[in-house]
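Chemist: Input: one structure, supplied below.
The values are calculated or read from the model by the stated rules, or taken from the named source; none is laboratory data. No experiment lies behind these values; they were computed from the predicted model shown. All Cβ positions, glycine included, derive from the backbone under ideal geometry; neighbour counts span all protein chains shown. Ligands, DNA and RNA are stripped out before the accessible areas are found, and what is left, the full protein with its side chains, is counted by its heavy atoms. Shrake-Rupley method; radii C 1.70, N 1.55, O 1.52, S 1.80 Å.
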Amino acid sequence: MTLPGAPAEVPQAPSPAAPRLAWPLLTAAGLALAALLLTEGTGGAFGLNLAVWTALYLGAVTWRARREGQPPSREGVTLLALAALFSVAFTVWAPTPDLAFLNTLALVLCLGLGSAALRFPGLARTGVLDGLGAVLSSGLHLIYGLAVLLDRFPWAHLKPASAAPRTWGRVGVGALLTVPLLAVFAPLLAGADASFARALDALLHLDVNLERSISILGHLIGWLLLTGGLVYGALLAARPSLLPPAPGQGRLGLIETGVPLGALALLFTAFAARQLPLLLGGALPDGQTYATFIREGFGQLMTVALLTAAVLRVAYALSTPESRRRPAFRALNAAVLLPLTVILASAAQRWVLYTQAYGLSETRVLGAAFLVWVTLTLAWLAMTLWRDQAPRFAYPALLLGLGTLLVTTALNPAGLIARVNVARELSGVTNAQRRAPQQANAADLLALGPGAAPVIAAHLDVLTDCAPNPGASGVPECQSPSSLAASLRDRYGHPRDPRAWTLAHARARQAALGLPVPPGPVTRPPAGVSVPRER
């Protein structure tokens, strides 16, 4: 009943139901099955299988998007192509442990963000917050994406008609629904009763392995969750980010942002003035240790550089458009960035001093790559701030980071570290930072992975693996070249599953099999006995 004078109730049209589509779920299921076939039984090793699956996914989603009349965006294709390059990097090289972790994160990021942006151009003009929202949304897609694909599937089409000629079709649907039930419950019951397992084996002539069946089922479900989330983001999601867009205009004037930026510029200038004598001197300051001046100082300076980029970007976002275009605002940004170049030079000098003293390591290689990326990112930020185009900062900065990681992987850090440290020992390097020649440690080089194996195999006579023996009060226990060769053969002498083939493992196996086999068994030296290196 409507009261007099009250507005009449307007009937609301029901919201249109989401279309029922079979191909998204079938695409995700096919990709999940392909991933299972490529990885099951490889012991979790990735190589050629990862590159093949990534190429399958990239081809499937881009082809399907074009078929549906939705041309893929340039940003989405670029990120998915970078994902393919990272998968190829796992095939060609064997990254060191920390680098492999970073490559895995980059691969997942490129797949998720590239899928989310595949049908939505404009990521190149997206701000930092909007980009982070897209990354977060792509991660959430992995949680509920498969459920949406299952909900959108036209299950009603599987229901056959009741007419008599359709009886065999109804039986086929019933059989199709029976297979997954038996695949789950039969192994469980077989594992509960050995006599039932033998009877089932005699009936079906199958070797029922409960643990393997559950493992395969769990892996398939995991791959379905991954492919379902990626396919949903690439082909069905309504928008790339679930979060509302960030406000484009700030409300602070030049005074509000100028005071903190001016104070930061004064602080950086004072610090840079203190660093200039050290930069010109090129040596460790008196009374300073490597742990405080270089190792801890390098990390702190890199943190300062990253926080500075965040502060300048936030100051730009909070400022009014009129304040951003004023020359004084640009001068404040320059006053902060100019002394920051001296700070970056100080960080680079500390890296050089540490490398001169201790040679290369995985941490130092990653530190150098991080320094390169931060420097390029700050240069790009300075350019966008000067041109009043800071909203275009995030996407190129991401591409710079991914490109730096790819180049670092292509340098084969494991082989580079092994070559540099062995060469330092062979040439007896001494300098102002190192008075005694460095000895390369075989255990550290072995931990780098197969990328270092050819260098180790070529220099068995100069490598040593000395470590304090816990029960001998510091008496060294050294590894002889014969035992080191045996370690290489144990690690890389066996053939690798063709699905997980990598070029780095193939070269490591060739180097290990080319080593001479000792006539007798190789044993470790007894505790407390020092074995001299063979020259």
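Chemist: Please work out the average accessible area per residue across the range 19-121, using the 1.4 Å probe convention, and give it in Å².
Modeler: 42
Chemist: To two decimal places, what compactness ratio does the range 347-407 give when its Cα radius of gyration is scaled by 2.2 N^0.38 Å?
Modeler: Taking N as the residue count of the range 347-407, the ratio is 1.35.
Chemist: How big is the convex hull of the Cα atoms of the range 348-463, per residue, in Å³?
Modeler: In the range 348-463, the Cα hull volume divided by residue count equals 99 Å³.
Chemist: If you don't mind, there's one more thing I want to ask. Could you order the peptides 480-488, 338-346, 112-120 from most to least packed, using the average number of other C-beta atoms within 10 Å per residue?
Modeler: So the order, starting with the most tightly packed, is 112-120, 480-488, 338-346.
Chemist: Suppose each label sits 7 Å from its Cα in the direction of the beta carbon; what would the Ala55-Leu188 distance come out to in nanometres?
Modeler: Rounded to a tenth, the inter-label distance reads 4.0 nm.
Chemist: Further, regarding this structure: Taking a 1.4 Å probe, which of His157, His505, His494 shows the most accessible area, and what order do the others take after it?
Modeler: Descending accessible area places them as His157, His494, His505.
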